[in-house]
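Every number in this text was worked out from the coordinates using simple rules, so none of it is lab data. This one's a predicted model, so the numbers in the text were calculated from it and none came from an experiment. As a convention, Cβ positions derive from the backbone with ideal geometry for all residues, glycine included, and neighbour counts pool all protein chains shown.
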Amino acid sequence: MKILIKKKNATMTSPCLIFFTPEGQTSPQLLAQLDEHLGKLVTTAQRNNEFRGRHAETLLLHGPDTRGPGRILLVGIGKASDASVDKLRQAASSAVVVLKQKKISKAALSLSDLPIQKTTAEQQAQAIVEGILLANYQYQRYQSPTPDTAKPLEQIVLLAANAKSLPLLQRGAARAEAICAGVHLARDLVNAPGNLKSPEFLAMQAVAMAEKNGIKAHLLDQVRLQQLGCGALLGVAQGSTRPPYLIVLEYAGDPKGSAPLALVGKGVTFDTGGISLKPADKMDEMKMDMGGAATVIGTMLTAARLELPINLIAVVPAVENMPSGNAIRPGDILTSLSGKTIEVLNTDAEGRLILADALTYVARYKPRVVIDLATLTGACIIALGNQAAAVLGNDDKLIDKLLKAGQRSGERLWQLPLWEEYASQIKSDFADVKNTGGRPAGTITAAAFLQKFADQYNWAHLDIAGMAWEDKGKAGIPRGGSGFGVRLLIDYLQHETGAA
Ligand code: BES
Ligand code: MN
Ligand code: ZN
């Protein structure tokens with residue numbers, strides 16, 4: 001999709017002109033002028049309470065003649081006192097949802113008189129373009145179009161409030177495009193069906209992305225993983241006929257060679273539960289169990305596109321969790337890369353097993369910080385629903401930074417405690433640790449398990465089980481993979497580098 005930026009009066013003849021309209025306040029000046037021309041259509045709609053400007057409310061009007069824009073789309077941005085870039089992003093998404101439904105493929109959006117304080121034109125443009133691109137995403141690879149299929153927008157023109165903001169708007173839009181490329185890649189990976197999405201497929205996608213973007217990639221295959229002693233990862237993989245990979249990406253953006261930041265993403269390409277088989281209902285969604293991996297790979301793409309001045313490592317353990325004659329059994333004991341032994345009480349708690357080895361492996365990079373993302377526990381959905389990911393870890397400063405990035409990006413996090421007492425729930429009678437801690441505090445005991453393998457660096461864990469998959473579809477996130485975490489991580493990384 002094309003995003004163009006032009007001066008205010010460039011496109012009064014657009015097929016559709018979009019206005020962000022505040023609640024309980026006078027309309028933007030340009031809209032007021034148009035209203036005269038439209039025979040007070042807008043005023044009439046407002047007077048009849050058909051449009052109040054409430055956040056994300058929309059109203060599509062048709063112009064009376066060919067001298068002005070063909071249509072006008074009003075999009076509420078709510079009360080000026082509640083305005084934020086996040087609200088602006090969501091409003092832009094709502095506009096696109098309407099345009100897609102009505103199959104309007106070209107539109108222009110007026111940026112004059114936005115009632116948003118304390119943000120730069122660049123930040124506003126970034127938020128709006130993000131909102132547009134995120135909502136315009138569609139995964140149509142395996143579906144033939146029907147008359148009902150929504151049609152993605154082809155072009156949108158942002159109409160600058162003044163000439164001096166043009167370069168700022170360009171920069172904000174370019175940043176949004178780089179970010180959304182990462183989000184869209186993550187969504188594509190999550191939406192790919194399990195039959196196609198083997199660990200090898202995931203590895204090849206990561207390598208292809210890396211090659212195109214100046215990122216180094218290498219793959220550790222089954223033989224190499226055996227040599228290293230990644231018994232936990234290999235244990236999960238052994239039930240599947242598809243071999244595992246440990247995917248490693250290295251982005252070198254800091255020529256001074258500072259210690260890298262590292263991202264680790266759970267890459268279970270399909271989670272049946274293994275011998276501890278999951279119920280059939282909704283098992284199809286378990287193709288999203290590589291959501292953490294997808295976000296990490298998408299974030300690497302965006303970091304490279306933005307040329308962030310940092311060194312960044314991504315480690316993705318990729319496996320498929322299947323039941324078979326070769327699969328691990330409850331009661332089995334695995335020896336992890338760290339040397340610690342793990343009693344597997346439930347083969348459905350496989351994410352923490354593969355992460356254990358990935359977290360041990362990443363220590364060789366002597367990272368400044370390690371952040372792992374994983375669709376790790378159903379308990380996290382019970383705790384937080386689909387409104388926030390859980391964050392836990394051994395470094396409160398890092399967690400605070402991530403919480404702030406979550407607020408800014410609208411990809412929210414909520415901290416859960418990781419008091420040492422929780423570790424008593426994962427003590428094993430037969431090995432160093434066991435892979436389940438029972439029902440109480442399931443998200444926390446999963447993190448307590450990971451903590452045993454993340455003891456060499458500053459570490460935070462994001463449980464994105466409730467966030468990686470959007471079940472119904474909402475403005476900005478069509479049904480399916482959400483790409484949650486890319487915007488959050490990029491916001492965090494930009495603040496880390498002082499680039500934001
Ligand atoms: N991938 C699941 C967690 C999950 C559930 C993610 C629902 C997204 C939606 C994970 O591997 C799992 O099965 N966890 C178990 C752990 C339990 C056996 C200790 C769970 O949460 O039930
Ligand atoms: Mn599982
Ligand atoms: Zn899983």
Set the bar at 29 Å for Cα to Cα. Now go through 106/282; 6/100; 404/474 and name every pair that lies beyond it.
106/282
Please arrange 171, 141 by how many other C-beta atoms lie within 10 Å of their C-beta, fewest to most.
141, 171
If each residue's Cβ is checked for other Cβ atoms within 10 Å, how do 414, 459, 469, 419 rank with the fewest at the top?
419, 414, 469, 459
Label-point separation (nm) for residue 307 and residue 407, each offset 7 Å from Cα along Cα-to-Cβ?
3.3 nm
Which whole-Hz couplings ³J(HN,Hα) result when phi for each residue of the stretch 412-426 is put into the Karplus expression 6.51 cos²θ - 1.76 cosθ + 1.60, θ = phi - 60°, listed in order with x for Gly and Pro?
7, 10, 9, 7, 10, x, 10, 5, 4, 4, 4, 5, 5, 6, 10
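Nearest 0.05, what FRET efficiency do residue 419 and residue 386 give at R0 = 35 Å with Cβ-Cβ as r?
Step by step, r from the Cβ atoms, then E = 0.85.
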If packing is taken as the average number of other Cβ atoms within 10 Å across a peptide's residues, how do 100-113, 420-433 rank, most packed first?
100-113, 420-433
Against the empirical 2.2 N^0.38 Å scaling, what ratio does the C-alpha Rg of the stretch 250-338 come to?
1.43
Can you give me the distance in nm between label points at residue 146 and residue 29, each placed 7 Å from the Cα along the Cα-to-Cβ direction?
4.9 nm
Please list, or write none, the lysines whose alpha carbon is within less than 19 Å of the alpha carbon of residue 287, excluding same-chain residues fewer than 8 places away.
197, 266, 278, 472
Sort the following peptides by mean Cβ neighbour count (other Cβ atoms within 10 Å, averaged over residues), highest first: 260-270, 23-33.
260-270, 23-33
Once both label points are put 7 Å beyond Cα along the C-beta direction, the residue 366-residue 333 separation in nm becomes 3.5 nm
For 175, 47, which order do you get if you count the other beta carbons within 10 Å of each Cβ and list the fewest first?
47, 175
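Could you compute Rg(Cα) / (2.2 N^0.38 Å) for the chain, with N its residue count? Intermediate values should be presented prior to the final figure.
Details: Rg = 24.2 Å, N = 500, 2.2 N^0.38 = 23.3 Å.
Normalised by 2.2 N^0.38 Å, the Cα Rg of the chain equals 1.04.
How big, on average over all directions, is the shadow cast by the Cα convex hull of the stretch 362-480, in nm²? Mind showing how you got there, number by number?
Details: hull surface 33.6 nm².
Dividing the Cα hull surface by four gives the mean projection, 8.4 nm².
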